[in-house]
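Notes follow the structure.
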Amino acid sequence: MGLFDRYEVQKDVCARFRASGAEPFAVKMDQVLSPTEAIVNGCYTILAGTNNYLGLTFDAACVDAAAEAAESFGTGTTGSRIANGSYDGHQLLEDELAAFYGRKHCMVFTTGYQANLGVISAIAGPDDFLMLDADCHASIYDASRLGQATVIRFRHNDAADLDKRLARLAGKPGNKIIVTEGIYSMLGDQAPLAEFVEVKRRHGAYLLVDEAHSMGVLGRTGRGLAEAEGLEADVDFITGTFSKSLGAIGGYCVSDHPDFDIMRVVSRPYMFTASLPPSIVASVRAALKVMVAHPELRARLWSNVGILYDGLQRQGFDLGPRKGPVVAVHLPSAEMGVAVWKALLDAGVYMNLALPPATPSGTALLRCSVCAAHDREQLETIIRALTGVAYATGLLEAPSEAAVA
């Protein structure tokens, strides 16, 4: 048996993509011009699949801070904070994030994936139970394997199902830890957090919310869904990432738990990974300041969300269940998805193609992420391009000439 024989299905899918002239998972950006524009395959392209929600990747303050830090401290730390020490910026960033969330503790990780991996595997051990929403991110499921807790999945956003499954554990030893997300990355829907909190209280469980896609997007100050719902005191741990609204890379966890800092010596993804380079730390600190000082960025983002979501809905597309910075377009098959994705890229619009098994319920999705930096002309171009491609590929039925008249 060959080493990669178990991936025959994936190999076949990739071969069929290449044969059709489309490689949706190997796009090369020749040049990125701005948060919303790039040169792809030699052509000007509108970016609508980057998670760059506030458009801060080219913010002057962030770029200048990163350049100054690289000049002063070099390009990297070349080791973990356990082995090579913490730079001044690491601690300052943790202090600033803790203050932003109004929490006592914060840990910064090298990626958002590692934040979930490191925190969940540390707090949920072999004798504990992890109650995971069925649509949770891959990093959350991978964390459960590292920590070896018993995993119990409950139906997506279904508080009654969660309640039923926790009730079956009544009297059993071990901690019960509920894990959900603020905004889900594929369909863009939100957790019914108030209902989950009620279940958590009833069963004496802990609650972790991954605010990766909701930090900077939801809440009066951008702290996420917990802030928006007024439930921050009921959330024991918040994880998130710097690779969405803050325009960089990295992850974090904030909490008020009194023993939080023990994770620095028991969390393997924290201990055994090189720490964030000073330039990234500096850009994230600058981005956090910009986000706090300019709430109009969030207002502009939501205005753009309305333009794109409403415009696509009027054209007849089958969209995700609610408005948000992730706008998902349902597709009838993977083959249709590849055809639509490629035609759209050829038309100068880049979106993400999401295919099973990475998608909820085995559906194919075209995933668009809205940016505060998109202007109305770009959004209307996206709507026109996607509509034209949908007519050409049969995803939507083109209106008759009589109907148009």
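Taking the DSSP beta bridges with both ends in segment 107-230, the antiparallel portion is around 5 percent. Taking the C-alpha atoms only, the angle from helix 60-73 to the longest principal axis of the chain is near 50 degrees.
With respect to the chain, whose longest principal axis is taken over its alpha-carbon atoms, helix 8-19 is tilted by about 40°.
Once both axes come from the Cα atoms, what is the angle between helix 376-393 and the longest principal axis of the chain, in degrees from 0 to 90, rounded to 10? So the helix axis and the longest Cα principal axis differ by about 60 degrees. Starting from the Kirkwood Rh over alpha-carbon pairs, what translational D in µm² s⁻¹ does segment 292-405 have by Stokes-Einstein at 20 °C and 1.002 mPa s? For the chosen part, D equals 145 µm²/s. Average accessible surface for the chain: 44 Å² per residue, computed with a 1.4 Å probe over protein heavy atoms with every protein chain in place. Surface composition of the chain: carbon and sulfur make up 53 percent of the accessible area, probe 1.4 Å. In the structure shown, the pairs LYS28/LYS244; LYS164/LYS200; LYS289/LYS323; LYS172/LYS200 are assessed against 18 Å; a Cα-Cα span above that value is assigned to LYS28/LYS244; LYS289/LYS323.
Projecting the Cα positions of TYR391, ALA339, THR363 onto the charge dipole of segment 337-405 (unit charges on Cβ atoms of Lys, Arg, Asp and Glu, taken about the Cα centre) puts THR363 furthest along the positive direction. Restricting segment 125-207 to trypsin sites (Lys or Arg not before Pro) that sit in a DSSP loop and have at most 11 other Cβ atoms within 10 Å of their own Cβ leaves ARG168. The mean sequence distance of close C-alpha pairs (under 8 Å, at least 6 residues apart), as a share of the length of the chain, puts its relative contact order at 22 percent.
The simple spin-label model puts a point 7 Å past each Cα toward its Cβ; for HIS257 and TYR391 those points are separated by 5.5 nm. This model, with +1 at the C-beta of Lys and Arg and -1 at the C-beta of Asp and Glu, gives the chain a dipole about its Cα centre of some 640 debye. A straight chain from TRP302 to LEU146 at 0.36 nm per residue would run longer than the Cα-Cα distance by 52.4 nm. Look at where the Cα atoms of segment 354-401 and of segment 87-132 average out, and the two centres are 35 Å apart. Counting only DSSP H runs of at least 4 residues, each contributing -39500 (n - 2.57), and dividing by the residue count of the chain, the helix-based mean residue ellipticity at 222 nm comes to -12500 deg cm²/dmol.
The values are calculated or read from the model by the stated rules, or taken from the named source; none is laboratory data. The model shown is predicted, which means the values in this text are computed figures rather than measured ones. Note that we place each Cβ from the backbone using ideal geometry, even for glycine, and neighbour counts take in every protein chain shown. To get the accessible areas, we keep the full protein, side chains included, count just its heavy atoms, and leave off ligands, DNA and RNA. Shrake-Rupley method; radii C 1.70, N 1.55, O 1.52, S 1.80 Å.
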